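The values are calculated or read from the model by the stated rules, or taken from the named source; none is laboratory data. A quick note: this is a predicted structure, and the numbers were derived from the prediction, not measured. Backbone-built Cβ (ideal geometry, glycine too); neighbour counts: all protein chains shown. Calculation scope for accessible area: heavy atoms of the full protein, side chains included, ligands and nucleic acids excluded. Shrake-Rupley method; radii C 1.70, N 1.55, O 1.52, S 1.80 Å.
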Amino acid sequence: MRTVSARPRSSTTLNASAQAPDSSWRNWDGRQRCTPAAFARPASLEQLREVLARAQEAGHGVRVAGSGHSFTGLVLTEGTLVSLERMGRVLEVDRARGLVRVQAGITLRELNLALHRHGLALENLGDVDRQSIAGATATGTHGTGAQLRNISAQLQAVQLMCADGSILELDQESDPDAWRAARVSLGALGVVSALTLRVVPAFRLRAHDGPMPLDRALEQLDALVAEHDHFELYWFPYAEQALLRRNDRSFEPAVPRGAVRTYMDDVLLVNHGLGALCRLGRRHPRLIPQLNRLVTRLAGSSTRLDDSFRVFVSPRLVRFTEMEYAIPRERAAQAIREVRELLHQQRLPVSFPIEVRFVAADDALLSPAHGRDSCYIAVHVFDQMAYEPYFREVEAIMDRHDGRPHWGKRHFQTAQTLAPRYPEWERFAQVRARLDPEGLFANAELERVLGPVKGPGGALD
Ligand SMILES: Cc1cc2nc3c(=O)[nH]c(=O)nc-3n(C[C@H](O)[C@H](O)[C@H](O)COP(=O)(O)OP(=O)(O)OC[C@H]3O[C@@H](n4cnc5c(N)ncnc54)[C@H](O)[C@@H]3O)c2cc1C
């Protein structure tokens, strides 16, 4: 079973009236919470259909929760909250065609292990694997790699249950507009119940982590991104050195780290060590520049060779909140320099690194990388520390660079400010009005970022 932070304290399967009064839901960082009137965990399409019918009888809005790893209020509802955690099976593996069909509630972790048993893998991943596949694709979750698109671009087909319980099998041929909308949907169109993904033969990654002065890394950025299959840069504010992660594909046999070494590296050093320094910085913000330089020095260099999915992801035990923006790739170095200038000028107490990744363009209507090769710049703030002043200042920089926010991470945009950034914004709005005309799947966050459902009967309640 998956372990997720985002769980209701109690739940009902179908019957809202049986729900305990203290039933509540919260996301991974604990800063988004709600108490839905009903929490449903259907185990089949029939049960899911029944959940939607009952929600409508009760006058509830409906939201679907994946693993609760989004930092925004996308999942929140006081109506019916649906989890597909009981719909998490692999349905079909077609090795010859490189296609895998899964139920939408499967986590990336479960999927990676299942694929590995078949000698297959996802071509790219982000840095954790706790998300559900439907939740990850709904927000455009991505890893890094100049030639590689976000995970939703690996979709071949999407099965969607609409408000009236009807099922759409969406792909490029069946309904091109709805298909491009459903790949990065924010859960605004209906309940994704199954997905077909393109997968690749299993591969290994040779991972080399090491420091480089930030200025030098920025001068060489284009070459570094081009030279490595998966290039990523971290930089702790006030440190001179950036930390570079260079992952390259390899078909040599794996040299896995032992369990003890893995625990030492990933849990003790990266998580508990970082956590302790962050707590110290929270108590004594003036120490943060020194602590950041210390953590950069401690990070050092390392090399390993292991199965791709074991290298891509690592545990994240230190809680933080995050904002991330996709900007045109050619603006990356300039935007990072501006973030550094901001931090230095304002002496902002930030103990978490800035994370820089690269993603190829795709054509999902609301993908932050829609139509342009992108650089993603993420900023984080440690648990219980104020994030808004820092994030707003960084957002102003990203605005000047034509930035589009990650849909699962914090930002302060509205439908009005976002619409001009997406050339096919209206097309998404039309698909939404067609598939969810009554706004059953709307909530306050969607109203903020997408606006109300348009068209007759499309008003939000
Ligand atoms: C520690 C951590 C690390 C992260 N690392 C990365 C990273 O490396 N790269 C990156 O891009 N992002 C990253 N994220 C962000 C995360 O991948 C996204 O927010 C993702 O959407 C979370 O997936 P989830 O399953 O938790 O979905 P949730 O957060 O629960 O939901 C996300 C959205 O998907 C919708 N949804 C979920 N299931 C369905 C369904 N079946 N049908 C319709 N809609 C559905 C929800 O309604 C909601 O709108 C990270 C987040 C955390 C907390």
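Which of the residues belonging to the stretch 293-331 are among the hydrophobic types (A, V, I, L, M, F, W, C) and either open to solvent by 20 Å² or more (accessible area, probe 1.4 Å) or out of contact with any helix residue (DSSP H, G or I) (no Cβ under 6 Å at 6 or more places or on another chain) (or both)?
Within the stretch 293-331, the first condition is being among the hydrophobic types (A, V, I, L, M, F, W, C), and the residues that meet it are 294-295, 298-299, 305, 309, 311-313, 317-318, 320, 323, 326-327.
The answer is Leu294, Val295, Leu298, Ala299, Leu305, Phe309, Val311, Phe312, Val313, Leu317, Phe320, Ala326.
Could you grab the pairs with beta carbons closer than 7 Å, sequence gap of 6+ or different chains, first residue in the stretch 307-327 and at positive phi, second one open to solvent by 10 Å² or more (accessible area, probe 1.4 Å) and among the hydrophobic types (A, V, I, L, M, F, W, C)?
If the second residue must be open to solvent by 10 Å² or more (accessible area, probe 1.4 Å) and among the hydrophobic types (A, V, I, L, M, F, W, C), no pairs are left.
Given the options Asn124, Asn112, name the one that is closer than 27 Å to Arg198 by Cβ, in contact with a Phe, Trp or Tyr (Cβ under 6 Å, 6 or more places away or on another chain) and open to solvent by less than 40 Å² (accessible area, probe 1.4 Å). Give the derivation first.
Details: Asn124 fails: in contact with a Phe, Trp or Tyr (Cβ under 6 Å, 6 or more places away or on another chain).
Answer to the check: Asn112.
For the structure I just gave you, tell me whether Val192 is within 16 Å of the ligand (Cβ to nearest atom), touching a residue at least 40 places away in the same chain (Cβ under 8 Å), crowded, with 20+ Cβ neighbours inside 10 Å and in a strand (DSSP E or B).
Working: within 16 Å of the ligand (Cβ to nearest atom): yes; touching a residue at least 40 places away in the same chain (Cβ under 8 Å): yes; crowded, with 20+ Cβ neighbours inside 10 Å: yes; in a strand (DSSP E or B): yes.
For Val192, the condition - within 16 Å of the ligand (Cβ to nearest atom), touching a residue at least 40 places away in the same chain (Cβ under 8 Å), crowded, with 20+ Cβ neighbours inside 10 Å and in a strand (DSSP E or B) - is met.
Any chance the stretch 412-431 includes a residue that's touching a Phe, Trp or Tyr at 6+ places or on another chain (Cβ under 8 Å), open to solvent by 60 Å² or more (accessible area, probe 1.4 Å) and under 19 Å from Phe71 (Cα atoms)? Show your work before the answer.
To start, the set of residues in the stretch 412-431 that are touching a Phe, Trp or Tyr at 6+ places or on another chain (Cβ under 8 Å) comprises 412, 418-419, 422, 428.
Narrowing the set further to residues that are open to solvent by 60 Å² or more (accessible area, probe 1.4 Å) leaves none.
No.
Of the residues that sit in the stretch 48-64 and are touching a residue at least 60 places away in the same chain (Cβ under 8 Å) and among the small types (Gly, Ala, Ser), which one is farthest from the ligand (Cβ to nearest atom)? Show your work before the answer.
Residues of the stretch 48-64 touching a residue at least 60 places away in the same chain (Cβ under 8 Å): 48-49, 52-53, 55-56, 59, 61-64.
With among the small types (Gly, Ala, Ser) added as a condition, the list becomes 53, 55, 59, 61.
Numbers: Ala53: 17, Ala55: 14, Gly59: 20, Gly61: 11 Å.
The extreme case among them is Gly59.
In the set Arg149, Arg216, Arg180, which member is open to solvent by 20 Å² or more (accessible area, probe 1.4 Å) and without any contact (Cβ under 8 Å) to a residue 24 or more places away in the chain? Outline the logic, then answer.
On the way: Arg149 fails: without any contact (Cβ under 8 Å) to a residue 24 or more places away in the chain; Arg180 fails: without any contact (Cβ under 8 Å) to a residue 24 or more places away in the chain.
None of the others qualify; the one that does is Arg216.
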